[in-house]
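*Asks:* Pasting a structure here, questions to come.
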Amino acid sequence: MIVKNIRREVFQEEKEKLKKYVDKKWENHALKNYHFLSANLSKCLPNIPKKKHKSIYHEILSYRALQSIDTHFYENFKNIEGVNAIDKNIKNQLSPSIYISYHLGSFRSAMAFLIKANLNVVLIVDPLPYKMQKDLIIDKYEKIKAFFNSTSDLIIYPADKKDLSIQILSKTKSNYSVLAFVDGNTGMNGDFNQKNSVKVDFLGQKIFFRKGLAMLSYYTKCPIIPLLSYYDENDTSCWEMKDPIIPSSQLSAQDYAENATIKIFKVLEEALKLYPNQWEGWLYLHKFMDLELKNNLETVVFENSTHQLEINPNIGLFAYDEKFYVLNKETYSVIELNKKMFTKLDQKIFFDINDEDIDNINFLLKKHILLPNSIRNATA
């Protein structure tokens, strides 16, 4: 009980600090990440009112803090909801497996399950965390290993390692399991590379998700085991192990990889309908989105008889590196603005065109930053 109370107190302190941090971002227009999050939420979960997007942004940052806090409370691990069932299921696995999870809930604790079960683990992380956090991950691993008196061994590979597939094939033969967080895995060539990806129907959008782990599952014959974490209404960490995805010799490698990838992200899709405020993927989902589908907008022609235009309510203004930008949340196009135009768009609902260059007006109309009143009224 004492540990639980300390955890709660530390979390509340962090939430208060983060609220001030978020409010400061609004004062300084440092809102790039927020506006992309808002755009992604609007596309995928339009039933959530836009006025709640700021609180969701704050909650996602708060849960990041709680995830870090939870890695310090190893003695509380046995009280996690679902831990006994998962522990039993992992120990019942007779061969190495590919464990996957998502950046949701207390996801940083996923490795503890495998360490507790004395599994040797290959952890795959994105290139930036590999460079910045590798030593920290190893330190946490060693502390958890000591706490559980485990015989586990850990190898960490960056997702962009050129011979990653060969290394994993070799390690699984040596009885190593794999752990990866699939909703942020860029693989080779970065976020925007669509090669070796599957286009998945995800919350009403077309999203490219990498299929590399599913291909490895097929060739290694290792099952894919989804681990799902979330926090309940009391901010208690909960875990579920979903049904294993078993490689099938009845399918080709490509067909199995596509089917497995769809199943992997169906788990996440259903979880996000219940816990949308716990997923940090809202900050970068657009990087995997099929944006070609977002740019088929109606062409708008400027008429000189119009003296006032409406500012599109679905835009986001932000400052970054001493420059000013506007994001169209419908098309994800980003346009650099001068400070005068930025201020004008920020302070008004209607845009007075009398003192503006016609070329600028036409450009902003083309990008749907500005809208003729007739268009807005017709759809209101």
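*Asks:* Taking the Cα centre of the stretch 76-288 as origin and charging only Cβ (+1 Lys, Arg; -1 Asp, Glu), how large is the dipole, in debye to the nearest 20?
*Replies:* 620
*Asks:* Among 320, 102, 284, which one shows the biggest mean-square fluctuation in a GNM of the chain, springs joining Cα atoms closer than 10 Å?
*Replies:* 320
*Asks:* Now for a different question. Using a 10 angstrom cutoff on alpha carbons, build the Gaussian network for the chain and name the most mobile of 123, 365, 104.
*Replies:* Largest GNM mean-square fluctuation: 365.
*Asks:* Only helices at least 30 Å long along their axis, Cα-based, and averaging -1.0 or more on Kyte-Doolittle count here, so list those DSSP H runs from the chain.
*Replies:* Helices meeting the criterion: 253-274.
*Asks:* For the cross-link pairs 4/199; 51/88; 145/242; 50/116; 211/273, which exceed 32 Å when the distance is taken from alpha carbon to alpha carbon?
*Replies:* Long pairs (Cα-Cα over 32 Å): 4/199; 51/88; 50/116.
*Asks:* Computed over the Cα atoms of the chain, what is the ratio Rg over Rh, Rh following Kirkwood?
*Replies:* Value, to two decimals: 1.03.
*Asks:* To continue, here is another question. Quick check: net charge around residue 50, other residues with Cβ under 14 Å of its Cβ, Lys/Arg +1 and Asp/Glu -1?
*Replies:* +4
*Asks:* Follow-up. Computed FRET efficiency, Cβ-Cβ of residue 148 and residue 85, R0 22 Å: what is it to the nearest 0.05?
*Replies:* 0.80
*Asks:* Also, I was wondering about something else. Calculate for the chain the 222 nm mean residue ellipticity that helices alone would give, adding -39,500 (n - 2.57) per DSSP H run of length 4 or more and normalising by residue count, nearest 500 deg cm²/dmol.
*Replies:* -13500 deg cm²/dmol
*Asks:* Describe numerically, in nm with one decimal, the distance between label points set 7 Å from Cα along Cα→Cβ at residue 19 and at residue 51.
*Replies:* Between residue 19 and residue 51, the label points sit 1.9 nm apart.
*Asks:* Note down the magnitude of the dipole of the chain about its Cα centre, charges +1 on Lys and Arg C-beta and -1 on Asp and Glu C-beta and zero elsewhere, to the nearest 20 debye.
*Replies:* Its charge dipole is roughly 780 debye.
*Asks:* Using a 10 Å cut-off on Cβ atoms, rank the peptides 20-27, 57-64 from the highest mean neighbour count down.
*Replies:* Top of the packing list down: 57-64, 20-27.
*Asks:* Taking the mean number of other Cβ atoms within 10 Å as a proxy for protection, how do you rank 173-181, 138-146 from highest to lowest?
*Replies:* Top to bottom by mean Cβ count within 10 Å: 173-181, 138-146.
*Asks:* Give the residues of the stretch 332-347 whose amide nitrogen is closer than 14 Å to a point set 7 Å from the Cα of residue 360 in the direction of its Cβ.
*Replies:* Backbone N within reach: 336-347.
Any read-out appearing in this document is the output of simple, stated calculations on the displayed coordinates, not a laboratory observation. Computed from a predicted model, the values in this text were never measured in an experiment. Glycine gets a Cβ as well: all are built from the backbone with ideal geometry, and neighbour counts include every protein chain shown.
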